[in-house]
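Input: a single structure, listed below in structure tokens.
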Amino acid sequence: MCELEGYWCYWHGAKGYSGVGLHVSKRVSPDRPAFEHPAFDYENRIVLVRLPAVTVVSVYVPNGGKDFPAKMQFLDALEQFASEMRADPNPIVICGDLNIARTEIDVHPKERKPRAIGQLPEERAQLERIIGHGLMDVGRALDPDNDQMFTWWAPWRNMRQRNIGWRLDYLLASQRLFDRVRSCRIERETGTSDHAPVVGEFDFDPGD
């Protein structure tokens, strides 16, 4: 998995803990692009690549169960980063496991716990501030009333098969990029992780 044919592959992680990756098609970037880490990166949690038509940011927000202040500090820095990226000439997509269920609809009724980390008001407020820097929550914007849109399920009691889960994984895109969206889907039947892939498709002109 570290080398996929036809892609520039980049992995940024530590064994058995945190980490993120990016794969860039060689059709999009014939030469290997530069993969960057913002200054606030710690525990191998964020990497970005600036492509000709879009800047892609892969993020894994801390869960917060062991160190909630560190999670909020990371989210504060991510908000500042999103604010600064508004001036970038390229549209941006921030994607990955944000470890926050944005609203009540993003948690199955059986899993709603007002004081559970991932559902706390202060986390949700910070996510709204991040999105407020010119970003669109692509999946929710395309399907605003879907109360079955979950991306993570506890790995017991057939929670995934019963679709009793949380929406923790997102594509947050600039309006200019959202204007080109074709689809955004959750592939619940794919993979062996307790998370499902979120797949977004966007139209680009050949010259982009």
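The values are calculated or read from the model by the stated rules, or taken from the named source; none is laboratory data. What you see is a predicted model; the values in this text were computed from it and never measured. Note that we place each Cβ from the backbone using ideal geometry, even for glycine, and neighbour counts take in every protein chain shown. Surface areas here come from the heavy atoms of the whole protein model, side chains and all, with no ligands, DNA or RNA. Shrake-Rupley method; radii C 1.70, N 1.55, O 1.52, S 1.80 Å.
Tally the residues that are over 15 Å from G96 (Cβ atoms), at pLDDT 90 or above and open to solvent by 100 Å² or more (accessible area, probe 1.4 Å), restricting the search to the stretch 1-28.
Looking only at that region, the number is 2.
Looking for something surrounded by 14 or more Cβ atoms within 10 Å (Cβ to Cβ) and touching a Gly at 6+ places or on another chain (Cβ under 7 Å) - is there at least one such residue anywhere in the stretch 29-36?
Scanning the stretch 29-36 turns up no residue that is surrounded by 14 or more Cβ atoms within 10 Å (Cβ to Cβ) and touching a Gly at 6+ places or on another chain (Cβ under 7 Å).
Matching residues to (1) modelled with pLDDT under 95; (2) within 20 Å of M72 (Cβ to Cβ); (3) of a type outside the set (S, T, N, Q):
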| residue | (1), (2), (3) |
| --- | --- |
| E123 | no, yes, yes |
| L135 | no, yes, yes |
| Q148 | no, no, no |
| D169 | no, yes, yes |
| D179 | no, no, yes |
| G191 | yes, no, yes |
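What number of residues in the stretch 195-208 are in a loop (DSSP other than H, G, I, E, B) and modelled with pLDDT of 95 or more?
Number satisfying all stated conditions: 2.
Test E43 against the criterion of being surrounded by fewer than 18 Cβ atoms within 10 Å (Cβ to Cβ) and at positive phi, and give yes or no.
yes
Please tell me if E111 is over 17 Å from the mean Cα position of the chain (by Cα), acidic (D, E) and buried (at least 16 other Cβ atoms within 10 Å of the Cβ).
It is true that E111 is over 17 Å from the mean Cα position of the chain (by Cα), acidic (D, E) and buried (at least 16 other Cβ atoms within 10 Å of the Cβ).
Do you know which residues across the stretch 139-184 are of a type in the set (S, T, N, Q), outside any loop (DSSP other than H, G, I, E, B) and either in contact with a helix residue (DSSP H, G or I) (Cβ under 7 Å, 6 or more places away or on another chain) or free of Cβ contacts under 8 Å to residues at least 24 places away in the same chain (or both)?
Residue satisfying the conditions is Q161 alone.
Tell me yes or no: at least one residue of the stretch 59-81 is modelled with pLDDT of 95 or more, among the polar types (S, T, N, Q) and open to solvent by less than 60 Å² (accessible area, probe 1.4 Å).
Within the stretch 59-81, none of the residues are modelled with pLDDT of 95 or more, among the polar types (S, T, N, Q) and open to solvent by less than 60 Å² (accessible area, probe 1.4 Å).
Does Q126 count as part of a helix (DSSP H, G or I), open to solvent by 10 Å² or more (accessible area, probe 1.4 Å) and closer than 19 Å to V61 by Cβ?
No.
Could you please let me know if I164 is at pLDDT 95 or above and over 15 Å from the mean Cα position of the chain (by Cα)?
Against the criterion (at pLDDT 95 or above and over 15 Å from the mean Cα position of the chain (by Cα)), I164 qualifies.
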